[in-house]
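K.L.:
This is the structure I want to talk about, given as structure tokens.
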Number of protein chains: 2
Amino acid sequence: MNILLSCVGRRTYIADFLRPYLQVGEKIIGTSSVALTPGFSFCDLGVIVPPICHEEYIPAVLDVCNKLEVGGVLSLFDQDIDRLSNFRDDFLDAGISPVFPSADVSRICFDKVATANFLKEHRFHGPKTFSDLNGTREALREGSLHFPLFVKPRYGFASEHVFIARNDAELEVFFNYRNDMIVQEKLRGKEHSFDVCSNLDAEPLAAVFKEKLAMRAGETDQARTIYDPERLELAFRLARTLGCPGPLDIDLFIDGDRAAVLEFNPRFGGGYPASACAGADFPRILVELMRYGTYTPDTLSYRNQVFMMKSYQIICGTEEELNDNVVYASDI
Amino acid sequence: MNILLSCVGRRTYIADFLRPYLQVGEKIIGTSSVALTPGFSFCDLGVIVPPICHEEYIPAVLDVCNKLEVGGVLSLFDQDIDRLSNFRDDFLDAGISPVFPSADVSRICFDKVATANFLKEHRFHGPKTFSDLNGTREALREGSLHFPLFVKPRYGFASEHVFIARNDAELEVFFNYRNDMIVQEKLRGKEHSFDVCSNLDAEPLAAVFKEKLAMRAGETDQARTIYDPERLELAFRLARTLGCPGPLDIDLFIDGDRAAVLEFNPRFGGGYPASACAGADFPRILVELMRYGTYTPDTLSYRNQVFMMKSYQIICGTEEELNDNVVYASDI
């Protein structure tokens, strides 16, 4: 069984984390639409596929999976997951485990308005969210909403075009900067996250609670694990309500007793290496699930106060050297 | 002789690049104002110093240098260089090579208005730069300036609070977002950079020309070297005019025949690993300069078309493990 890391990008560590659980001869295959992809250097094989939005994308991924005996597909990129999620059945029909959610669940994660509606419907605390200026201004007038406010793209990621508006003039200009902007209450408290791992039936198996200590380009740059079983109940309840096979990253703010969920992504979060180091071995669970369809973890425990920091890994070489293990999907 | 990497931050690779040129027993010492610093893990010793702006900062750094037999100081952070540059003589008096520029030169690099004035005075092409709205609007009316325009902090770094204004309403809100904003013409063409290395008398010894292929959080994420001796003349002329000991990173845009300089920083740039891999061994030059005060490079050549990509290096552990080699300056 080989494993496909779809849109492997620059999270090279995921390949490193999976590798110990492969058997002799099994491969990690990464995909990307561009040859210059850091993750390729950490995969056994890099495959260049059409861009995610291209009509040939899904057929190409399925073709790669079939020809290269892929047993399970894990994606590292939200937009990719949103596309793949529409074709879960095609992967299942081909005997490949899709370690990503259904289209409905992906949409709840990917669309910040859908996220807000989901949280409200299921009585999780979350930020007040507005998709129009009139509603925002009314809430401000009523006193149920206060500056500063986040103004960000409804389908945004990596903190791109995220503004903080401190008055109405800023609110108006930021809101009109793109045509898909939303306004969101700035949550109080410290930023935390959960890493959750669920089985292929979307039943959560393990979770880790962490504090984010530093962010960079929208990604967790430093974090520490906090062992707090009571707090994990929120992670399990949200994961169970949502229903997301594989890894789920939940961002939340803790302000005293109140925990408010900002967003969640159906993939490994940027802070996951802290959890891995603390003993929450999701890659092992995922490989077992892909291989046998089922897995019962020994224990849900992990080490408290494990710190994680990121720095740079440098990958250098000529084009030839870097593309040594890279092929075009159409050439397989 | 030991080497001090001041404000070592997350550029762990600089320590790795310097290490081969140390003699047995010589140490790389990193400083930071916080214990959780990725760079510490790649230094022989990490020293926690007061914050850069604190009045005890310079005495603490000098004290560390004296007690730990530091022969040369290299800083990796613009704000730190701007502070250290006022105390070059104190380092020289203590027999320590300051591998950073004078306060005048640092100010030209650090202050985007001073940069623009320097470029204009010495007839280098650069972006039209305005520090007030009236001047900007007049130039727009005259037709000598056009939207879109960059609006950014005069002393900013890491792309923080950099906006792109496409109309007057955006220009006004972005300009008023902070009280130190400037407006800058958006340069046409592709983003490139020079890595220059000068001796302690600020005479440039070597330079590399690169194309930036991807940016992330204001830092070069992917780049390739281009061997083009004619193009390097601009790098040498600018470095010689400016006068900056040690490494100098110059950002420029190439549009056909026209090269316009955006800015320059008196330190290793984020794309330097591409140059290192291509054979432009600045760390070797710098260690020789610190050790002997002089260095004549064998050759100014480097390999063409060497690509560099960055991914994540993960540093994990308990607080105790991560601070194994870290001390407070006051405890030395």
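K.L.:
Roughly how big is chain B's charge dipole about its Cα centre, with Cβ charges of +1 (Lys, Arg) and -1 (Asp, Glu), in debye to the nearest 20?
P.N.:
1060
K.L.:
Where the centre of each part is set by its Cα atoms, how far does the range A:219-258 sit from the range B:35-66, in angstrom?
P.N.:
35
K.L.:
How are the Cα pair distances of the protein assembly as shown distributed, in percent, across 20 Å bins from 0?
P.N.:
In whole percents, the pair-distance histogram is 17, 48, 33, 2.
K.L.:
Run down the lysines and flag those whose C-alpha is under 28 Å from the C-alpha of B:Lys67, throwing out any fewer than 8 positions away in its chain.
P.N.:
The qualifying lysines are B:Lys27.
K.L.:
Using only DSSP helix segments of four residues or longer, with each worth -39500 (n - 2.57), what per-residue ellipticity at 222 nm results for chain A after dividing by its residue count and rounding to 500?
P.N.:
My calculation for chain A gives -8500 deg cm²/dmol from helical runs alone.
K.L.:
Counting only other chains, and only Cβ atoms inside 10 Å, what mean value do you get across the residues of B:315-322?
P.N.:
That works out to 6 on average.
K.L.:
Output the relative contact order of the range B:1-79, whole-number percent, from Cα pairs under 8 angstrom with separation of 6+ residues.
P.N.:
41
K.L.:
Take the residue pairs A:Lys310/B:Lys212; A:Lys112/A:Lys190; A:Lys120/A:Lys152; A:Lys186/B:Lys186; A:Lys152/B:Lys190; A:Lys128/A:Lys310 and return only those whose Cα atoms are more than 25 Å apart.
P.N.:
Beyond 25 Å between Cα atoms: A:Lys186/B:Lys186; A:Lys152/B:Lys190; A:Lys128/A:Lys310.
K.L.:
For the range B:119-159, divide the Cα radius of gyration by the Kirkwood radius and give the resulting Rg/Rh value with two decimals.
P.N.:
Reported Rg/Rh, Kirkwood definition of Rh: 0.99.
K.L.:
Using the C-alpha gyration tensor of the range B:188-309, what are the square roots of 5 times its eigenvalues, in whole angstrom, with the largest one first?
P.N.:
Sorted largest first and rounded, they come to 22, 15, 13 Å.
K.L.:
Still on this structure, I have one more. Sequence-distant or interchain residues sharing an amide H contact under 5 Å with A:Asn199, placed H: which?
P.N.:
Long-range HN contacts for A:Asn199: A:Leu205, A:Gly246.
K.L.:
Enter the mean projected area of the convex hull around the alpha-carbon atoms of the range A:244-332, in nm², rounded to one decimal.
P.N.:
Averaging across all directions leaves 10.1 nm² for the Cα convex hull.
K.L.:
Using only alpha carbon positions, build the gyration tensor of the range A:128-185, then give the equivalent ellipsoid semi-axes as the square roots of 5 times its eigenvalues, largest first, whole angstrom.
P.N.:
18, 11, 10
K.L.:
For the range A:80-220, what is the convex hull volume of its Cα atoms per residue in Å³?
P.N.:
139
K.L.:
For chain B, with a Gaussian network of springs between Cα atoms less than 10 Å apart, report the residue from B:Tyr295, B:Tyr312, B:Tyr177 with the top mean-square fluctuation.
P.N.:
Answer for the Gaussian network model of chain B: B:Tyr312.
K.L.:
Then there is this: Partner chain Cβ atoms within 10 Å, averaged over the residues of B:157-166 - can you pull that number for me?
P.N.:
If you average over the peptide's residues, the count of other-chain Cβ atoms is 1.
K.L.:
Rounded to the nearest 10 Å², what accessible area does A:Asp104 show when all protein chains are kept and the probe is 1.4 Å?
P.N.:
It works out to around 120 Å².
K.L.:
Probe radius 1.4 Å, ligands and nucleic acids left out: can you give me the accessible area buried at the A-B interface, summed over both chains, in Å² to the nearest hundred?
P.N.:
4100
K.L.:
By the scheme Lys and Arg +1, Asp and Glu -1, what is the net charge of all other residues having a beta-carbon under 12 Å from that of B:Phe100?
P.N.:
Charge balance near B:Phe100 sits at 0.
K.L.:
Still on this model: How much net charge surrounds A:Phe209 when only the other residues with a Cβ under 14 Å from the Cβ of A:Phe209 are counted, with Lys and Arg +1 and Asp and Glu -1?
P.N.:
-1
K.L.:
Additional query: A:Leu289: net charge of surrounding residues, Cβ under 13 Å, Lys/Arg +1, Asp/Glu -1, itself excluded?
P.N.:
It works out to a net charge of -2.
K.L.:
While we're looking at this one, here's another question. Please report Rg over Rh for chain A, where both radii come from the alpha carbon positions and Rh follows the Kirkwood definition.
P.N.:
Expressed as Rg/Rh, it is 0.98.
K.L.:
Give me a single rounded figure for A:43-54: the average over its residues of other chain Cβ atoms within 10 Å of their Cβ.
P.N.:
0
K.L.:
Every cysteine in chain B with no other Cys Cβ under 4.7 Å from its Cβ, please list them in numeric order.
P.N.:
For chain B, the answer is B:Cys7, B:Cys43, B:Cys53, B:Cys65, B:Cys109, B:Cys197, B:Cys244, because their Cβ atoms have no other cysteine Cβ under 4.7 Å.
K.L.:
Another question, if that's okay. Go ahead and set up a Gaussian network model of chain B, Cα springs under 10 Å, then flag whichever of B:Cys109, B:Cys277, B:Cys316 fluctuates most.
P.N.:
Largest GNM mean-square fluctuation: B:Cys316.
K.L.:
For the range B:1-105, state which GluC sites (Glu not before Pro) are in a DSSP loop and have at most 13 other beta carbons lying within 10 Å of their beta carbon.
P.N.:
B:Glu55, B:Glu56, B:Glu69
The values are calculated or read from the model by the stated rules, or taken from the named source; none is laboratory data. Fair warning: this is a prediction, and the values are worked out from it, not measured in the lab. Cβ atoms come from the backbone with ideal geometry, glycine included; neighbour counts cover every protein chain shown. The protein model used for the area step is the full one, side chains on, heavy atoms only, and it has no ligands, DNA or RNA in it. Shrake-Rupley method; radii C 1.70, N 1.55, O 1.52, S 1.80 Å.
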